[in-house]
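Enquirer: Let me give you the structure first, and then I'll get to my questions.
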Amino acid sequence: MNKLGRYLAAGGLALLAGLAPARAQQPPLVIGGTIVGADNKVIPKGWIVLENGKIKSIGDKKPTIKDARVIETDDIVFPGFVDLHNHPFYAVFPRWKAPKVFANRYEWRGDPAYLTAIQNPEGKLVTSQFCNIVAYVELKALIGGTTSILGVFHPADTPNIEPCIGGLARNLDWSSGFHGPLGQERIGNVLGVRPGDLRLSEEAIAQFKQGKLDLIAVHLAEGQRNDPESQREFARLQDLEMLGSKTAIIHGVALGETEFKKMKEVGASLIWSPRSNFELYGETADVPTALRQKVTVALAPDWSPTGSTNMLAELGYAWQVSQRDFGGRPNAQQLFEMATIIPARIAKLDKKIGSLAPDRAADLFLLHPSKPGRTVYESLANAAPTDVTLTVVGGLPIYGTQEHLAALGQKDSGPADVCGQTRAVGRDAFPDLLAPIVTRLSDALAQENIKLAPLAECP
Ligand SMILES: [Zn+2]
């Protein structure tokens, strides 16, 4: 049975109502470790209690709770990452080596090499393999500690696939679990401000102008700083009356001090995706200037082919860029915030996600620090994929080591190799086995002479 069939058979009605499956019936979970709480309050040897999908308490004394499932670890407990810029459907494709440095996004999007390697096969696969792709790419996000993600949308020509979008990570533009029925979210995604891109985003723009959205995220100024097309786009956004406090500009590589000042003035934010910028354009956004102008800046991976596999990998990449090019600003703690509470604030969801505090959603991950003597943020900025030992979404243990999943009462979905270590998915969150999904995707991609991307990129 496919993911859709299983969800319909096992609690599909709850999902159709926009709720994550079975999240309400779990026994309380108690996790011991170093807790990174709200406002960066770090509790060494702390305890966090999860109940009914939310955080019940955080403290330094081990709680005694009847019937609770308990793990005591040496790990760091972080809030789950909030990823506001991704194109998850492309995460089944292997890394794409750009044949040259491009002036702007329009150049590579029309490049025959790109069309053959990625865009044309993606168009076919997203229809025939929709549910398998969603499962695989969301697993890739969970491996890197992401618990909320943007970009998994409902293709107009693929009916009846709604339920398989729910279930793993929260999909902030389709099924976050916070706004009732599927498709009632308050975030819109706009591909860009050229007429063709706007046509694809008409619905989101209309909703934005009617005041129905909390956030519109728009690709803008994605090209080299001296590229005239990329320089023109900020004015175009203003002409369209789409620059305001509910606007997040994705990329903004070509923006300078004048534009950042204007962004601060109106309360617009910037979403920074350095790896993809460097691979495609040889440079990235002037984040130090944006921060100096007090623009709100979040971090996100863009996509796997030229960006990072997930949030954890992009945070590590941004840390390298910061040290190499920006004199260490943003520092490791700022990068952590740019991946958690800041994007939650930008999405107007900071009362629910982005930090660990009582009554917030129980969305978190555990990271095993690989070297002693580092701050929790330095451990995060230097982490490898295998350092993540557990990811929890809505109180459900969804990804992790088989030991953690078993101790927290989860059957698992069969082993997955993550950089030489075994990980699995908890079956309360995801009833399918992983192996058949991998086989179906590998077979479908093989017909296009493409190899399925690995679950993680290993150091
Ligand atoms: Zn993008």
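The values are calculated or read from the model by the stated rules, or taken from the named source; none is laboratory data. Computed from a predicted structure; not experimentally measured. Here the Cβ is made from the backbone with ideal geometry for all residues, glycine too, and neighbour counts use every protein chain on show. Side chains included, ligands, DNA and RNA excluded: accessible areas come from the protein's heavy atoms. Shrake-Rupley method; radii C 1.70, N 1.55, O 1.52, S 1.80 Å.
Enquirer: Hey, what did the stretch 85-244 get for relative contact order, percent, Cα under 8 Å, at least 6 apart?
Expert: 19 percent
Enquirer: While we're looking at this one, here's another question. At what distance in nm do the modelled label points of CYS419 and GLN207 sit from each other, each positioned 7 Å from its Cα along Cα→Cβ?
Expert: It works out to 3.6 nm between the two label points.
Enquirer: Would you please give the residues with an amide H less than 5 Å from that of THR73, counting only those at least 5 places away or on a separate chain, with H modeled from the backbone geometry?
Expert: Those lying under 5 Å, H to H, from THR73 are GLY32, GLY33.
Enquirer: What number, in percent, do you get for the relative contact order of the chain if the mean sequence gap of Cα pairs under 8 Å and at least 6 apart is divided by its residue count?
Expert: For the chain, the relative contact order is 20 percent.
Enquirer: Now, a different point. For the chain, what is the calculated [θ] at 222 nm in deg cm²/dmol (nearest 500), taking -39500 (n - 2.57) for each run of four or more DSSP H residues and dividing by its residue count?
Expert: It comes out at -8500 deg cm²/dmol, rounded to the nearest 500.
Enquirer: What number comes out for the charge environment of PHE278, summing +1 per Lys or Arg and -1 per Asp or Glu over other residues with Cβ under 12 Å away?
Expert: Within the 12 Å Cβ shell, the charges total -3.
Enquirer: Also: Could you work out how much longer the chain between GLN184 and ARG292 gets when fully extended? Use 0.36 nm per residue separation minus the Cα distance between them, nm to one decimal.
Expert: Contour length minus Cα-Cα distance gives 35.3 nm.
Enquirer: Moving on. Need one word for the stretch 112-156: rounded, prolate or oblate. Basis is the Cα gyration tensor (sqrt eigenvalues a ≥ b ≥ c); a/c below 1.5 gives rounded, then a/b vs b/c decides.
Expert: prolate
Enquirer: Once amide H atoms are built 1.01 Å from N in the peptide plane, which residues 5 or more positions from GLY223, or in another chain, come under 5 Å H to H?
Expert: VAL253, ALA254
Enquirer: By DSSP, what percent of the beta bridges with both residues in the chain are antiparallel, rounded to the nearest 5?
Expert: Of the beta bridges lying entirely in the chain, close to 55 percent run antiparallel.
Enquirer: So if I place +1 on the C-beta of Lys and Arg and -1 on the C-beta of Asp and Glu, and nothing else carries charge, what would the dipole magnitude of the stretch 319-406 be about its Cα centre? I want it in debye, nearest 20.
Expert: Using only the charged Cβ atoms, the result is roughly 260 debye.
Enquirer: Let me ask something else. Taking the solvent-accessible surface of protein heavy atoms with a 1.4 Å probe, what is the per residue accessible area of the chain in Å²?
Expert: In whole numbers, the chain has 39 Å² accessible per residue.
Enquirer: So what does the Cα-only Debye profile of the chain read at q = 0.06, 0.07 Å⁻¹, as log10 I(q)/I(0), no solvent term?
Expert: The Cα Debye sum returns log10 ratios of -0.23, -0.32.
Enquirer: Dipole of the chain, Cα-centred, from +1 at each Lys and Arg C-beta and -1 at each Asp and Glu C-beta, to the nearest 20 debye?
Expert: About 740 debye.
Enquirer: Please enumerate, by chain and number, the aspartates and glutamates with C-alpha under 13 Å from the C-alpha of LYS56, excluding those fewer than 8 residues away in the same chain.
Expert: ASP359, ASP363
Enquirer: Leaving ligands, DNA and RNA out of it, report the carbon-plus-sulfur percent of the accessible area of the stretch 394-459 at a 1.4 Å probe.
Expert: Carbon plus sulfur share of accessible area: 52 percent.
Enquirer: Next question, about the same structure. Which of the listed residues, ASN382, GLN410, LEU139, is farthest toward the dipole's positive end in the chain, when Lys, Arg count +1 and Asp, Glu count -1 at the beta-carbon?
Expert: The one lying farthest along the dipole's positive direction is GLN410.
Enquirer: Full extension from VAL42 to LYS411: what is 0.36 nm times the residue separation minus their Cα-Cα distance, to one decimal in nm?
Expert: Gain on stretching VAL42 to LYS411: 129.7 nm.
Enquirer: Next up: Relative contact order for the stretch 202-304: what is it in percent, counting Cα pairs under 8 Å that are at least 6 residues apart?
Expert: 24 percent
Enquirer: OK, next. Looking at the stretch 99-225 only, what percent of DSSP beta bridges run antiparallel? Nearest 5 please.
Expert: Here the share of antiparallel DSSP bridges comes out near 25 percent.
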